[in-house]
Amino acid sequence: MSTDDIHILPSSDSTILISSNVTNSSSSSNFSSTSSNSSSSVELTLYSSERIYYLLKNEKQQYTIIKNKVSPPAGFYWTIFGFPAKLNKKTGIFERINGYTSCEKCKKTFVYGPNSGTRNMKQHPCVTDLITQSISSSKDVSMTQTTIEKTMVIRKTLTIEQSKTIKDLIVRWICSDIRPVSVIEDDGLRALVQECIRLGMDILYLVCAKCIFLGSIYGNIEVNDILRCRSTISNHIQVVAELCRARIKNFLEEPYKNGSLSISPDFWCDKYKQICYLGVTAAVVDKDYKYYTLDLFCKQFQSYEKTGENILIVILFFY
């Protein structure tokens with residue numbers, strides 16, 4: 001029948017004209033829709049777990065296993081599992097075969113998808129053997145003889161640079177977290193740090209079946225050779241504060257000259273003691289048009305009147 005034929009069908013109300021072109025186009029659209037819906041299952045019909053296993057074993061130049069690109073993979077089994085892939089001869093790139101996962105050691109292949117789960121991978125003999133080896137190696141390490149260095153405390157004099165680094169970290173901790181200086185002399189803190197130093201020689205960290213030792217540089221050092229007394233830290237706070245003020249002053253000099261610096265006062269009151277405080281923040285735009293905010297200070301405001309003149313007096317007192 002010609003594609004241009006028109007059929008006249010009688011109807012109770014009117015005559016219906018049907019073109020075979022319409023019928024053919026409708027059939028064509030239905031076919032394309034069916035094809036698109038079934039395209040996702042083409043690979044599942046072309047391959048099976050047994051066939052992929054055979055191809056990985058015998059056609060290694062055409063088929064391989066690629067890693068799971070999720071970083072880091074959710075399960076430990078992904079250390080030896082990956083996705084089967086076929087070589088695209090046009091691009092020279094291995095393309096994943098969807099719907100399956102394969103073991104890199106034995107090439108065993110399982111169906112893998114949203115509804116398949118991961119039980120087969122978790123219970124795979126290669127995975128269970130890997131776990132057993134990891135546990136046995138951990139036991140072997142833990143059963144080694146304890147050396148004298150691990151049990152006795154070593155007295156060690158730190159270098160000037162090492163001592164300064166420790167003091168800088170303590171100052172940053174106390175000032176950033178608003179802790180009292182006396183916390184550095186707490187017996188509990190020093191006992192905790194001493195234990196952390198000791199454990200630094202023994203801790204075993206297991207990552208992907210690889211053993212990594214976290215050891216200290218000098219061994220089990222006496223904690224009092226590291227942590228200083230409160231007077232030393234108090235003096236070092238003053239030193240660090242002067243350095244920070246000098247850096248801030250130098251940083252604000254260029255925006256101040258270019259008129260890209262603004263000072264914003266902020267009053268707030270302690271709801272328990274009803275003490276009034278004045279905080280001052282500097283907003284800066286540098287020569288590279290980068291925006292910064294700096295908290296310059298926060299001080300108890302003792303004046304009764306919160307006027308601009310009184311605020312300026314406090315600011316000039318600090319700078």
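Scanning segment 133-165 for residues that are modelled with pLDDT of 75 or more, assigned to a helix (DSSP H, G or I) and either under 30 Å from C106 (Cα atoms) or over 27 Å from the mean Cα position of the chain (by Cα) (or both) yields Q133, I160, E161, Q162, S163, K164. Search segment 264-302 for residues being outside any strand (DSSP E or B) and touching a Phe, Trp or Tyr at 6+ places or on another chain (Cβ under 8 Å), and hand back the single one that is farthest from N250 (Cα to Cα). If we take residues in segment 264-302 being outside any strand (DSSP E or B) and touching a Phe, Trp or Tyr at 6+ places or on another chain (Cβ under 8 Å), then D270 is farthest from N250 (Cα to Cα).
Taking residues in segment 100-117 that are closer than 17 Å to R51 by Cβ, and partners anywhere that are surrounded by fewer than 18 Cβ atoms within 10 Å (Cβ to Cβ) and of a type in the set (K, R), the pairs with Cβ atoms closer than 7 Å and at least 6 places apart or on different chains are K107/K57. Report yes if some residue within segment 99-107 is exposed (fewer than 12 other Cβ atoms within 10 Å of the Cβ) and of a type in the set (V, I, T); otherwise report no. No - not one qualifying residue is present in segment 99-107.
The set of residues in segment 173-183 that are within 31 Å of the chain's Cα centre (by Cα) and free of Cβ contacts under 8 Å to residues at least 60 places away in the same chain comprises W173, S176, D177, I178, R179. For segment 89-132, what are the residues that are over 14 Å from T79 (Cα atoms), outside any loop (DSSP other than H, G, I, E, B) and modelled with pLDDT under 90? Passing the criteria: R119, N120, T132. Number of residues in segment 233-262 that are surrounded by 15 or more Cβ atoms within 10 Å (Cβ to Cβ) and not in a helix (DSSP H, G or I): the value is 2. Residues in segment 267-276: is at least one in contact with a helix residue (DSSP H, G or I) (Cβ under 8 Å, 6 or more places away or on another chain) and loosely packed, with under 14 Cβ neighbours inside 10 Å? No, there is no match, as no residue in segment 267-276 is in contact with a helix residue (DSSP H, G or I) (Cβ under 8 Å, 6 or more places away or on another chain) and loosely packed, with under 14 Cβ neighbours inside 10 Å.
Residue-wise test of (1) more than 24 Å from E222 (Cβ to Cβ); (2) acidic (D, E); (3) modelled with pLDDT of 90 or more.
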{"position": "V171", "(1), (2), (3)": "no, no, yes"}
{"position": "I174", "(1), (2), (3)": "no, no, yes"}
{"position": "D177", "(1), (2), (3)": "yes, yes, no"}
{"position": "A191", "(1), (2), (3)": "no, no, no"}
{"position": "I197", "(1), (2), (3)": "no, no, no"}
{"position": "G200", "(1), (2), (3)": "no, no, no"}
{"position": "I203", "(1), (2), (3)": "no, no, no"}
{"position": "A209", "(1), (2), (3)": "yes, no, no"}
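The values are calculated or read from the model by the stated rules, or taken from the named source; none is laboratory data. Model, not experiment: these values are computed from the prediction. Virtual Cβ from ideal backbone geometry, glycine too; neighbours counted across all protein chains shown.
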